[in-house]
Each structure stands twice: as structure tokens, then as C-alpha cells.
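Only one structure is covered here, and it is reproduced in the block below.
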Amino acid sequence: MERLILCVTGMPGSGKTTVAQEIRKMGFYYISLGDVVREQTKLRGYELTDANCGLVMVALRRELGPQAIAKLSLSRMPEDERLITVDGVRSIDEVNLYRSLGDVRLLAVHASPQRRFQLSASRERIDAPKTREEFDLRDRRELDVGVGNAIALADEIISNNSTIEELVERVRDQVKAWMEEDGRR
């Protein structure tokens, strides 16, 4: 059976991790690109803040190319896993790297800017933006590295402007449809 890699993309605070964690519950191995950036930020001796993680993310792409974060994630991908979800894809370049490793589906999560800010503010992550100004800066940085193109070229877009239960139901239905399409059930 060919490897199935479900890449999850979206703007900051849209619900990517919630979606990827739900996919994980469906039997998929989980990889977080945000964890890769946070790890690299610590390795470079920086405090884990939104600004520092952003600087490191951009620096890694400048130093290692547009697939940098995805390349660094490969050490986290066990050879024997056939079902994988990747949380936090930011560019088509990253998607293309994963396409060289298996069958890829790109799932975008959308939420309004106001909802994303509220969700981000409620997170307990140390690197979450604290103000709307920081949040808007993060949006611009993410758009600069290509997340808008990834969202635009997604195989499916799921809205996260309602309840968590509705989001989870839509995600589970979409993943089941893809698995049936690929004969993996």
C-alpha cells in the first residue's frame, strides 16, 4: 500500500492542529511542522516567542530553501508508517516534497480573521501572538512564505467558523472519503 500523507494548511489560528489531531485519532501518524520550528528556535538559543519563531522560520527557508521545514520534518517520519498527517504546511514547495514520498491530499482549514485571533488568544502556547498587531504581523509573514498559495491549491477547504463538533464531523467525513477513494478502508 502506498503511503497516504494528509497535509493540513491554513492561516495562523484557523484550527490546523485541531484538525490534524482529529486525523491522528483516525490512525494517522502525526507530525507538526510548528514543533520543528519551535525546536529549531530553541536550538538557536532563542526564547520561544511568536517573533523569534517567525524569524527562525524565515531564516531556515532562506538558508535551506523553501522546503526547509518539511525537509527537517523527515527525520520524524517513520519508514513503516503508511498513514501520516502533517500539521502546519505553509507552501506548495513543502507539499511537493511530501508528494515525492507518497500520495498527498492537501486540506485547508479556513476561519475568519476575528475567529482566528480569538482562537489564537485562547491558546496556551507560549509562541502565540498576544495582541492583534502581533497577530496581523504573523499573518503577513505566513502569506509571504506561501501559505495563501497552499490554501488556494488545497484539495479541500473546511470552514472552522462554527462549533468544534461540526469541524470534527466535516474532517472525519472528508478523511473517510479520501480513504475510500484510495481503497484504504
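Bear in mind these aren't lab numbers, they're just calculated from the coordinates by the rules spelled out. All of these numbers come straight from a predicted model, not from anything done at the bench. Neighbour counts run over all protein chains shown; Cβ positions are idealised from the backbone, glycine included.
What to note about this one:
- Inter-centroid distance (Cα atoms) of the range 2-18 relative to the range 81-102, Å: 9 Å
- Whole-number D in µm²/s for the range 1-65 (Stokes-Einstein; Kirkwood sum over Cα pairs; 25 °C, 0.890 mPa s): 182 µm²/s
- Modelled label reach - E63, point 7 Å along Cα→Cβ, the range 24-52 residues with backbone N closer than 19 Å: 33-52
- Listed candidates (1) 25, 19, 17; (2) 25, 20, 14; (3) 28, 19, 17 - label of the one calculated as semi-axes √(5λ) of the Cα gyration tensor in Å: (2)
- Between the range 113-164 and the range 35-56, the Cα center-to-center distance that results, in Å: 18 Å
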